[in-house]
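Remarks on the structure that follows.
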Amino acid sequence: MRKPLIAGNWKMNFVTSEAVEFTKALVSNKFNDDVEKLICVPSVHLSELSKLLKGTDIKLGAQNMYFEESGAFTGEVSPTMLQDLKVDYVIIGHSERREIFKEDDEMINKKVISALAHSITPILCCGETLEEREKGVQEEKVKTQLIEDFKGISAEDAAKVVIAYEPIWAIGTGKTASTEDALQMIVFIRKMISELYNSETAESIRILYGGSVKPDNIREFMETGEIDGGLVGGASLKADSFAALVNY
Ligand code: 13P
């Protein structure tokens, strides 16, 4: 049984006082126990929020990390630093990192391997641009990304990864993929994992949808039984909205 996961991606939002206030409001909510809850926050907040979330069932995630443990990598955060702060998850290869910061699949693959080696669960993002969707090449695009990003990863480790399918045209645009479109891609991704590994791995890996997920559309995605949760940007930035997403 795959446990549903609702993951908030705060992106580059909230100064420390806001992050603390938000998290305090969040932990006071009554949540559905059957759903795993996660907030992925800017690195500067990890230390403070790690203390606040201790003993709660809300997990803590980072939005990025470098693959090396230490050294001359100005501006980067290492897996050992995240491990030290009891970070459970790390988003890898978000389309904003791929597009704005020019991360390629080779680097993303190294990051996924490094996160797994440090017992941090990677949330590996994939998805097509609007242009690729209009050309009808979304499956090819995601297939190429996943083949590259899973290179050298064993079936046992692959099953621990969370995949987030995030069509770029649906991110922050208010334009959600239809349930049918999201479902079709997620079924395709699971089939791909089955081909890359085996059916057992495909059945245990969790695949989320991301892109303008809101309290009023999350239920439809979850009711498909194939979509294992959401990676949520905008709608995760209010405590009551995040709680409504979890309690879909
Ligand atoms: P929005 O929910 O704001 O569209 O962002 C989606 C996203 O990029 C989550 O990682």
At what distance in angstrom do the alpha carbon centres of segment 149-164 and segment 17-57 lie from each other? 26 Å
Mean accessible surface per residue for the chain, computed with a 1.4 Å probe while every protein chain stays in place, in Å²: 46 Å²
Normalise the Cα radius of gyration of segment 106-202 by 2.2 N^0.38 Å (N = residues in it) and let me know the number. 1.09
Potential extension, LYS191-ALA25 segment - 0.36 nm per residue separation minus Cα distance: 55.8 nm
Where nothing but the Cβ of Lys and Arg (+1) and of Asp and Glu (-1) is charged, how large is the charge dipole of segment 70-124 around its Cα centre, in debye to the nearest 20? 100 debye
Shape of segment 1-120, Cα gyration tensor, a/c cut at 1.5: prolate
Work out which trypsin sites (Lys or Arg not before Pro) in the chain are exposed loop sites (DSSP not H, G, I, E or B, at most 11 other Cβ within 10 Å) and give the longest gap free of them. 103-248
Run lengths n ≥ 4 of DSSP H only: what is the helix-derived mean residue ellipticity at 222 nm for the chain, with -39500 (n - 2.57) per run over all residues, to the nearest 500? -11500 deg cm²/dmol
Let me check I have the definition right: for the chain, take the eigenvalues of the Cα gyration tensor, multiply each by 5, take square roots. What are those semi-axes in whole Å, largest first? 25, 22, 17
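The values are calculated or read from the model by the stated rules, or taken from the named source; none is laboratory data. Please read these numbers as outputs of a predicted model, since none were measured by experiment. No Cβ is skipped: glycine too gets one built from the backbone with ideal geometry, and neighbour counts run over all protein chains shown. Ligands, DNA and RNA are stripped out before the accessible areas are found, and what is left, the full protein with its side chains, is counted by its heavy atoms. Shrake-Rupley method; radii C 1.70, N 1.55, O 1.52, S 1.80 Å.
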